[in-house]
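The values are calculated or read from the model by the stated rules, or taken from the named source; none is laboratory data. Computed from a prediction, not measured in an experiment: that's the story for all the values here. Methodologically, a virtual Cβ is constructed for each residue, glycine included, from the backbone with ideal geometry; neighbour enumeration extends over all protein chains shown. Ligands, DNA and RNA are excluded from the accessible area calculation, which covers all protein heavy atoms including side chains. Shrake-Rupley method; radii C 1.70, N 1.55, O 1.52, S 1.80 Å.
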Amino acid sequence: MAIRNKKKLGDLLKEAGVLTEAEIVDTLANKKNGQKLGDALLEQGYITEQQLLEVLELQLGIQSVSLYGYPIDQQLTELVPKEMAQRNVLMPLSLRENTLTVAMNDPMDYFSIDDLELSTGFDIKPVIASKDDILQAINKYYDLENFTIEAEESELAEDAPAVRVMDQLLQTGVHLKASDIHIDPAEDSLSVRYRVDGMLHKERTIPKRLQNSLTARTKIMANLNITETRLPQDGRIRVVIDEKPIDLRISILPTVFGEKIVIRILDLTNIVKKLSDLDLSEANYQHYRKLIQQPSGLILLTGPTGSGKTSTLYASINQLNREDVNIITVEDPVEYQLEGINQVQVNTKIGLDFAAGLRSILRQDPNIIMVGEIRDMETAEIAVRSSLTGHMVFSTLHTNSAMAAIPRLFDMKIEPYLVVSSLSGIMAQRLVKQICKDCMQSRELNEMEKDIFQRYNIPIEQIYEGKGCNSCRQTGYKGRTAIHELLVIDDTIRQKMMDNRSMSDLKQYLKARGMKFLIDDGLEKVKKGSTSLEEVLRVATEE
């Protein structure tokens, strides 16, 4: 067994000048029982994972690797039990002569290294990788062989691998922070894709013979009809993955090669609790807060599917949720269950649509009403009239900009005077990918970029981009942020709406009043280094 110079992580970070003694003492005082110092420092925000990896790499002279696309020798999973790999966050990578290379999140975990040397009989060479990287690799490479063997051994055993495959797919989804898992049937296999930060990418392929048992397993979990294979089905489940409560929405659609499964992952620990977590610019935050404090009126959130409207709705309602306020929502589906709020689930099969639900809600003496979506004239009419009778009404519309919501309501054949007197404000939003903080670097602007910022009168010295690192799987982006435009309706706008003025006339007035459009808010966020110019131009059109 190798004799090592056993150093402590705190000392290494202090020597590297990343942390002070006081910060380490504070972290130790606040860390949970049994939690490692590194995890506690990350949780409390004193360092980023990339900083931690760099310090360890430099101070210990141990190489850091990205496991995404790394040629891992699958046979080695037999040397290290899965349970041990998960518990100690390590993954065997390759074996040369007598040396086993192992990716570790904590290369100073000398007990694990000693255990591995004893159990495998090889010398252990640790390399450093991020925690997520290792957990994803464990999910991807362990048990893969077993699925194939077990499925062949016996028809009866088919359920066992399906249960495990499903558990693994969900676990990987949570580790990747994916919003959706797609299980797509092809002619001779199933492909699994994850939507991470709005982009789908393929993760693995599953043998075709597991298709029926995997579909059945999904249906059993979601309480769906196993025998029905010709019609689409929807369901939901609440599960606990890695000690976190997760809500799953299941959608099953019959295709030519069998049933396609899409699982939407709603991480209940990540629900946005406060308006201040929504990345609103300071001006938008102040205006929007003032807007939702009003006793009555109609506030609309607009944007395409997947633009974060629901998160903003829930954050708004959470902000107003007090004991002396009766808040009722009618949603399809109810995404997150919120404490202290009465949520009604639309059920069209029995005639409970948005309009019917909304009519019943009005007899329940509400102060604040949230309608998941205005889809038809009847719902729009009731929502508008509710806001005129002293209720605060929140809802969403699928339009491309805040201004476009006004003609959309007129198109729904609602009397213009009703729309004009009920509307308080409209917020449009889009989600853009966030530059990875671990590999963010600045550079000078090129001529095209200078031209765009000049056109919008935004002074800017430098622009930021992610160069790609282990932490963001070499993409340069990690996580998402939102860009907004907020249209607060004033008397001049009401008059213009009543006079049926053109949208371009309204736009001129809004510009003169200093309203920030999506593109303006996006460019400000590019200047701050939150996102990239490509991302903003992808979702917001130039005027």
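Within the set 296, 311, 307, the sole residue that is within 26 Å of residue 408 (Cβ to Cβ) and in contact with a helix residue (DSSP H, G or I) (Cβ under 7 Å, 6 or more places away or on another chain) turns out to be 296. Going through (1) within 25 Å of the chain's Cα centre (by Cα); (2) more than 30 Å from residue 415 (Cβ to Cβ); (3) in contact (Cβ under 8 Å) with a residue 60 or more places away in the chain; (4) assigned to a strand (DSSP E or B) one by one, residue 441 falls short only on (3). Residue count for the stretch 15-27, restricted to those that are modelled with pLDDT under 85 and either open to solvent by 70 Å² or more (accessible area, probe 1.4 Å) or charged (D, E, K, R) (or both): 1.
For residue 516, the criteria (1) without any contact (Cβ under 8 Å) to a residue 24 or more places away in the chain; (2) in contact with a strand residue (DSSP E or B) (Cβ under 7 Å, 6 or more places away or on another chain) hold in every case but one, which is (1). Answer yes or no: is there a residue in the stretch 431-442 that is surrounded by fewer than 20 Cβ atoms within 10 Å (Cβ to Cβ) and basic (Lys, Arg). Looking through the stretch 431-442, at least one residue is surrounded by fewer than 20 Cβ atoms within 10 Å (Cβ to Cβ) and basic (Lys, Arg). Residue 316 meets the conditions (1) modelled with pLDDT of 90 or more; (2) touching an Asp or Glu at 6+ places or on another chain (Cβ under 7 Å); (3) among the polar types (S, T, N, Q) in every case but one. The failed one is (2).
Does any residue of the stretch 272-289 turn out to be aromatic (Phe, Trp, Tyr) and free of Cβ contacts under 8 Å to residues at least 40 places away in the same chain? Write out each step before concluding.
Step one: of the stretch 272-289, the residues aromatic (Phe, Trp, Tyr) are 285, 288.
After this cut, where a residue has to be free of Cβ contacts under 8 Å to residues at least 40 places away in the same chain as well, the list is 285.
Taking every residue of the stretch 272-289 in turn, at least one turns out to be aromatic (Phe, Trp, Tyr) and free of Cβ contacts under 8 Å to residues at least 40 places away in the same chain.
Screening 511, 516, 496 for residues that are in contact with a Leu (Cβ under 9 Å, 6 or more places away or on another chain) and open to solvent by 90 Å² or more (accessible area, probe 1.4 Å) leaves exactly one candidate, 516.
Does the stretch 492-509 contain at least one residue that is at pLDDT 95 or above, in contact with a helix residue (DSSP H, G or I) (Cβ under 6 Å, 6 or more places away or on another chain) and on the phi < 0 side of the Ramachandran plot? No, that holds for no residue.
Among all residue pairs at least 6 apart or on different chains, which show Cβ distances below 7 Å where the first residue, located in the stretch 324-339, is farther than 14 Å from residue 313 by Cβ and the second is open to solvent by less than 20 Å² (accessible area, probe 1.4 Å) and modelled with pLDDT of 90 or more? Correct list of pairs: 325/368; 326/366.
Number of residues in the stretch 181-211 that are over 29 Å from residue 307 (Cα atoms), touching a residue at least 40 places away in the same chain (Cβ under 8 Å) and open to solvent by 30 Å² or more (accessible area, probe 1.4 Å) equals 4. Can we say residue 2 is surrounded by fewer than 12 Cβ atoms within 10 Å (Cβ to Cβ), at pLDDT 85 or above and among the hydrophobic types (A, V, I, L, M, F, W, C)? It is false that residue 2 is surrounded by fewer than 12 Cβ atoms within 10 Å (Cβ to Cβ), at pLDDT 85 or above and among the hydrophobic types (A, V, I, L, M, F, W, C). Considering only residues in the stretch 165-175 that are open to solvent by 20 Å² or more (accessible area, probe 1.4 Å) and in contact with a helix residue (DSSP H, G or I) (Cβ under 6 Å, 6 or more places away or on another chain), the one that is modelled with the lowest pLDDT turns out to be 175. Cβ-Cβ contacts under 6 Å between residues 6 or more apart (or on different chains), taken from a first residue in the stretch 226-241 that is farther than 19 Å from residue 332 by Cβ to a second residue that is open to solvent by less than 80 Å² (accessible area, probe 1.4 Å) and not in a loop (DSSP other than H, G, I, E, B), are listed as 226/216; 226/219; 230/254; 239/246; 241/170; 241/171; 241/174.
Residue 461 meets all of the listed conditions (1) more than 27 Å from residue 533 (Cβ to Cβ); (2) assigned to a loop (DSSP other than H, G, I, E, B); (3) free of Cβ contacts under 8 Å to residues at least 60 places away in the same chain but one, namely (1).
The rows are residues; the columns are (1) surrounded by fewer than 12 Cβ atoms within 10 Å (Cβ to Cβ); (2) over 18 Å from the mean Cα position of the chain (by Cα); (3) closer than 20 Å to residue 341 by Cβ.
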{"residue": "231", "(1), (2), (3)": "yes, yes, no"}
{"residue": "247", "(1), (2), (3)": "no, no, yes"}
{"residue": "298", "(1), (2), (3)": "no, yes, yes"}
{"residue": "301", "(1), (2), (3)": "no, yes, yes"}
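Return yes or no: is residue 285 surrounded by 18 or more Cβ atoms within 10 Å (Cβ to Cβ) and under 30 Å from residue 515 (Cα atoms)? Walk me through it before giving the result.
Working: surrounded by 18 or more Cβ atoms within 10 Å (Cβ to Cβ): no; under 30 Å from residue 515 (Cα atoms): yes.
Judged against the criteria, residue 285 is not a match.
Does residue 113 count as in contact with an Asp or Glu (Cβ under 7 Å, 6 or more places away or on another chain), in contact (Cβ under 8 Å) with a residue 12 or more places away in the chain and not in a loop (DSSP other than H, G, I, E, B)? For residue 113, the condition - in contact with an Asp or Glu (Cβ under 7 Å, 6 or more places away or on another chain), in contact (Cβ under 8 Å) with a residue 12 or more places away in the chain and not in a loop (DSSP other than H, G, I, E, B) - is not met.
So, in the stretch 63-82, exactly how many residues are under 20 Å from residue 439 (Cα atoms) and not aromatic (Phe, Trp, Tyr)? Outline the logic, then answer.
At the first step, the residues of the stretch 63-82 found to be under 20 Å from residue 439 (Cα atoms) are 63-70.
Subset that is not aromatic (Phe, Trp, Tyr): 63-67, 69.
Of the residues in that region, 6 qualify.
Criterion applied to 412, 392, 377, 440 was being closer than 30 Å to residue 532 by Cα and hydrophobic (A, V, I, L, M, F, W, C), and the one residue passing it is 440.
Is the stretch 189-209 home to any residue that is among the hydrophobic types (A, V, I, L, M, F, W, C), in contact with a Pro (Cβ under 7 Å, 6 or more places away or on another chain) and at pLDDT 90 or above?
Keep residues of the stretch 189-209 that are among the hydrophobic types (A, V, I, L, M, F, W, C), which gives 190, 192, 196, 199-200, 206.
Narrowing the set further to residues that are in contact with a Pro (Cβ under 7 Å, 6 or more places away or on another chain) leaves none.
No: the stretch 189-209 contains no residue that is among the hydrophobic types (A, V, I, L, M, F, W, C), in contact with a Pro (Cβ under 7 Å, 6 or more places away or on another chain) and at pLDDT 90 or above.
Within the option set 157, 151, 162, 178, being modelled with pLDDT under 95 and assigned to a loop (DSSP other than H, G, I, E, B) holds for one residue only, 178.
Take the conditions open to solvent by 60 Å² or more (accessible area, probe 1.4 Å), within 35 Å of the chain's Cα centre (by Cα) and among the basic types (Lys, Arg) and apply them to residue 538. Does it pass?
Working: open to solvent by 60 Å² or more (accessible area, probe 1.4 Å): yes; within 35 Å of the chain's Cα centre (by Cα): yes; among the basic types (Lys, Arg): yes.
Yes, satisfied.
Selection within the stretch 49-83: residues that are more than 17 Å from residue 112 (Cβ to Cβ) and aliphatic (A, V, I, L, M). The member of this set that is farthest from the chain's Cα centre (by Cα) is 58.
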